[in-house]
Amino acid sequence: MAKIFQNIEIPIDQDLEEKLQWMVPEHGPYRILRQSVDARRKHSPHFVYSVEVAEKGETLENPQFDLAKIATPKEKPLIIGTGPAGLFAALRFVERGVPCVLFERGSESAERIKGINQYWRYGKLDPRNNVCFGEGGAGLYSDGKLITRIKSPHIPYVMNRLVKFGAPEEIQWLSNPHVGSDRIRRVIPKMREFLKAHGCEIHFNTQVTEVLFENKEVVGVRTEHGTEFKSPHVVLATGHSAEDMIYHLHEAGVHLDGKSFAMGLRVEHSQAAINKIQYRQFSEHPKLGAANYKLADHDNSTGIGVYSFCMCPGGYVLSSGTSADGIVVNGMSNYKRNSPFANAAIVVSIDHEKNFGSDVFGGMKMRRELETRAYNSVLAAGGTRELPAQNLMDFLQGPSVAKGSRALLPGSSPSGAIIIRLDQLLPQDMTSRLRVGFQNFQSSMKGFITEDAQVYGVESRTSCPVRVTRDNETLQSISHRGLYPAGEGAGYAGGITSAACDGIRIAEKIIELL
């Protein structure tokens, strides 16, 4: 009978195979269940494994996710958005024998990248095809990071299916799994073709402009082309940037709540510096690769936190706005994480009730105002498409910067950068809280504060500041039956994996009714 061994520590210059041979001299095949790096001990960074080991002569069965099919329903569920929530809802439907219809305002990924490149190189925004809109959603350009804090029985299924469509196998066991923005762009088209071949009708370049209701029940949707599609089940998976849909739902009387979120900046160091901080004298060891970090600082007296988000080892800082007069930053890495730079969002938590009270759209207005201010600051400085940036030391020193700003460092952004006083551009209370956070991060990561780092603005799309409120049991809107808010844009997920799991949960709820 197979046995599971947990927390097996392997020094970086040793091999798991040798350790298992010593622990179980005559063993059969084995499977890695979990792998992580522990570099907390100064003298011995090491790998930590959980492994399932079969006895000699036995075999290990790979996990199976065979799903029972149901009778084909009369009406096809409608899904708005091809981000992780929408795609995995569609995948679950077709694997359970339920035809569905999927709508995406943008283009297929191959066409989408053309619009994104135009924006990065020339500042010409395609409102349909950008870092947030188009096939694959925002996750296509955020590293393909699959880290999640949720506990869901659907996580192994999500990883299995991503591997099936071309993701690297190790995402099933690494503690910090990622596909890489370069590889996930090859995964999504394979997933799309599978959906089309198994009963999913996909409409690209087709924005849903209205969800149709009768007596507070969903009856279908209307697209920008004037075409109506009828169904009593609509999955709303429009992502964290589809403000037009949020305002439409508000006008239709759908219940919305303001949601707490976070905003701030993105900081960039050299990857070599982060490796040195995290791995010390072992920083160039070939087995360790690009180091990452996770930082948090909480003020108990105010309840305001500062934390790192979407850390991208060996990555790039991206311009990722969705409006022509706004600037937003994000980050990504490719699979090999071999850029010479490391970046991460450093954001301040914003409590909705304390800051905006009963104004449901207070956070969205604040987000919009800050993004516009960033864009106007670039124009005022003589720029066109560059990202606002500032040396980290200048940001921390504040008023003394007037004596002369430090020159910008070489950076990773394909849009370039221009010196902007980000310490003045952000709201003063946010700037003050970020400064305290950076100082405290320095305590846990000596060398984090340095002249060889710079910050970019603004990091404003960590999540949607509005929630389309749903019932915890039925997963339907609490005000309009048949509307299923899903994923990040509805306020129920915080990354690729959690959004995918949310889409699956909703698909299963609809299948129960069918």
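None of the figures in this text is laboratory data; all of them are computed from the coordinates on show. Just so we're clear, the structure is a prediction, and the values are computed from it rather than from any experiment. Every residue, glycine as well, gets a Cβ built from its backbone with ideal geometry; the counts of neighbours run over all protein chains shown.
Between Val317 and residues 5 or more places away or on another chain, which pairs have amide H atoms under 5 Å apart, with H built 1.01 Å from N, and which residues are they?
Close amide H contacts, sequence-distant or interchain: Ser412, Ser413.
Tell me which of Gln64, Val53, Pro177 sits at the most positive position along the dipole axis of the chain, charges placed on C-beta atoms (Lys, Arg +1; Asp, Glu -1).
So the residue furthest toward the plus end is Pro177.
For each of Arg149, Arg481, Arg121, count neighbouring Cβ atoms within 10 Å of the residue's Cβ, then give the residues from fewest to most.
Arg149, Arg121, Arg481
Sequence-distant or interchain residues sharing an amide H contact under 5 Å with Cys312, placed H: which?
Asn343, Ala344
In whole Hz, what ³J(HN,Hα) sequence does the range 44-56 give by Karplus (6.51, -1.76, 1.60; θ = phi - 60°), x for Gly and Pro?
With the stated coefficients, the range 44-56 comes to 7, x, 8, 8, 10, 10, 10, 9, 9, 10, 8, 6, 4 Hz.
Using the alpha-carbon centroid of each, what span in Å lies between the range 7-76 and the range 100-158?
A separation of 31 Å, based on Cα centres.
Charges only on Cβ, +1 for Lys and Arg, -1 for Asp and Glu: so what's the dipole of the chain about the Cα centre, in debye to the nearest 20?
560
Between Ser443 and Gln14, what is the FRET efficiency for a Förster distance of 51 Å, r being their Cβ-Cβ separation, to the nearest 0.05?
0.95
Cut-off is 10 Å between beta-carbons; in what order do Leu78, Leu288, Leu162, Leu67 appear when sorted fewest neighbours first?
Sorted ascending by nearby Cβ count, the order is Leu67, Leu288, Leu78, Leu162.
Mind sorting Glu95, Glu488 by how few other Cβ atoms lie within 10 Å of their own Cβ, fewest first?
By the 10 Å Cβ count, ascending, the order reads Glu95, Glu488.
Sort the chain into rounded, prolate or oblate with this rule: let a ≥ b ≥ c be the square roots of the eigenvalues of the Cα gyration tensor; rounded if a/c is under 1.5, and if a/c is not under 1.5, prolate when a/b is larger than b/c, oblate otherwise.
oblate
What FRET efficiency would be calculated for the residue pair Lys164, Ser405, taking the C-beta separation as r and a Förster radius of 35 Å, to the nearest 0.05?
0.10
Put a dot 7 Å past each Cα toward the Cβ at Met23 and Lys124; how far apart are the dots in nm?
Label at Lys124, label at Met23, 5.7 nm between them.
Less than 15 Å from a label point 7 Å out along the Cα-to-Cβ axis of Asn7: which backbone N atoms in the range 289-322 qualify, by residue?
none
Please give the length that would be gained between Arg40 and Thr384 if that part of the chain were fully extended, namely 0.36 nm times their separation in residues minus their C-alpha to C-alpha distance (nm, one decimal).
Answer, rounded to one decimal: 119.4 nm.
Could you derive backbone 3J(HN,Hα) for the range 226-240 from the dihedral phi with the Karplus parameters 6.51, -1.76 and 1.60 (θ = phi - 60°), listing whole Hz in sequence and x where the residue is Gly or Pro?
Each residue of the range 226-240 in turn: x, 7, 10, 10, 9, 5, x, 10, 10, 8, 9, 10, 8, x, 7 Hz.
Hey, with R₀ at 35 Å, roughly what FRET efficiency would Ser323 and Leu60 work out to, going by the Cβ-Cβ distance, to 0.05?
The calculated FRET efficiency here is 0.10.
Once Lys and Arg get +1 and Asp and Glu get -1 on their Cβ, which of His250, Val98, Gly303 lies farthest toward the positive end of the dipole of the chain?
Farthest along the dipole direction, towards plus: Gly303.
Quick one: 3J(HN,Hα) in Hz for the range 457-469, Karplus 6.51/-1.76/1.60 with θ = phi - 60°, rounded, Gly and Pro as x.
x, 10, 8, 10, 10, 5, 6, 7, x, 10, 10, 8, 5
Please give, to one decimal in nm, the separation of the simple spin-label points placed at Glu224 and Glu52, each 7 Å out from Cα toward the Cβ.
Label at Glu224, label at Glu52, 4.6 nm between them.
Would the range 1-155 count as rounded, prolate or oblate if I go by the C-alpha gyration tensor, calling it rounded below 1.5 in a/c and otherwise prolate when a/b exceeds b/c, oblate otherwise?
Note, shape of the range 1-155 comes out oblate.
Can you compute the helix-only [θ] at 222 nm over the chain? Use -39500 (n - 2.57) per DSSP H run of at least 4 residues, normalise by all residues, nearest 500 deg cm²/dmol. Intermediate values should be presented prior to the final figure.
Values: 13 runs with 148 residues, N = 514.
The helix-only estimate for the chain comes to -9000 deg cm²/dmol at 222 nm.
Thinking of the range 134-239 as a set of Cα atoms, what percent of all their pairs are more than 22 Å apart?
Here the tail beyond 22 Å accounts for 46 percent of pairs.
What are the membrane-span-like helices in the chain by this rule: whole DSSP H runs, Cα extent along the axis at least 20 Å, mean Kyte-Doolittle hydropathy at least -1.0?
Span-like helices in the chain: 181-197, 362-380, 428-444, 496-513.
How high is the relative contact order of the range 236-326, given as a whole-number percent (alpha carbon pairs under 8 Å, six or more residues apart)?
Value for the range 236-326: 19 percent.
For the range 3-55, build the convex hull from the C-alpha positions and give me its volume per residue in Å³.
Convex hull volume per residue, Cα atoms: 65 Å³.
Percent relative contact order of the chain, based on C-alpha pairs within less than 8 angstrom and at least six residues apart?
Computed over the chain, the figure is 18 percent.
What pairs from Lys114/Lys365; Lys145/Lys259; Lys151/Lys336; Lys76/Lys509; Lys145/Lys294 go past 18 Å between their alpha carbons?
Lys114/Lys365; Lys145/Lys259; Lys151/Lys336
Determine the dipole magnitude for the range 3-55: charges of +1 sit on the beta-carbon of Lys and Arg, -1 on that of Asp and Glu, nothing else is charged, the reference point is the Cα centre, and the result goes in debye to the nearest 20. Numbers along the way, then the final one.
Working: 7 positive and 9 negative charges, 74 e Å.
Its charge dipole is roughly 360 debye.
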